[in-house]
Amino acid sequence: MEIGLNHYLILSALLFSIGIYGLITRNNAFRVLMSIEVILNAININFVAFAHYIDPIMVKGQVFSLFVMAIAAAEAAIGLALLLLIYRNRVNIRMDSFATMKW
């Protein structure tokens with residue numbers, strides 16, 4: 001059995017759905033950040049799969065995937081730093097407690 005484009009798209013859709021579910025249902029900010037990372041990994045799978053099956057000689061999808069990984073790494077670093085600062089001040093990182101941070 002050969003793995004085709006449909007298999008990669010199903011895997012990507014499954015990962016994207018898991019990420020959206022985690023984004024909607026979780027109250028913990030760390031889990032929300034992890035859900036965003038899962039969504040970005042689903043996007044990377046799409047980029048690489050389409051690049052391989054549409055034009056295997058050009059590496060456009062792989063280059064876009066590298067850019068997404070760099071942005072995801074920066075987002076994770078900044079997000080975790082902010083969560084660490086919030087945790088030091090508030091002792092929890094629940095999303096519903098962020099409403100108290102208004103002016």
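Some observations on this one:
- Scanning the stretch 50-67 for residues that are surrounded by fewer than 15 Cβ atoms within 10 Å (Cβ to Cβ) and in a helix (DSSP H, G or I) yields HIS52, TYR53, ILE54, LYS60, GLN62, VAL63, LEU66, PHE67.
Rundown of residues vs (1) over 30 Å from ASP96 (Cβ atoms); (2) out of contact with any helix residue (DSSP H, G or I) (no Cβ under 6 Å at 6 or more places or on another chain); (3) not hydrophobic (A, V, I, L, M, F, W, C), yes/no style:
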| residue | (1), (2), (3) |
| --- | --- |
| TYR21 | no, yes, yes |
| ARG26 | no, no, yes |
| ILE45 | yes, no, no |
| ALA49 | yes, no, no |
| ILE54 | yes, yes, no |
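- The residue that is nearest to ASN44 (Cα to Cα), counting only those in the stretch 12-30 that are surrounded by fewer than 16 Cβ atoms within 10 Å (Cβ to Cβ) and not polar (S, T, N, Q), is ALA13.
- Residue within the stretch 37-49 that is in a loop (DSSP other than H, G, I, E, B) and either under 11 Å from the mean Cα position of the chain (by Cα) or among the hydrophobic types (A, V, I, L, M, F, W, C) (or both) present: no
Taken together, the values in this text are just the output of simple stated rules run on the coordinates, not laboratory data. Just so it is clear, the structure is predicted and the values come from calculations on it, not from any experiment. Cβ coordinates were reconstructed from backbone atoms using ideal geometry, including for glycine residues, and neighbour counts include every protein chain displayed.
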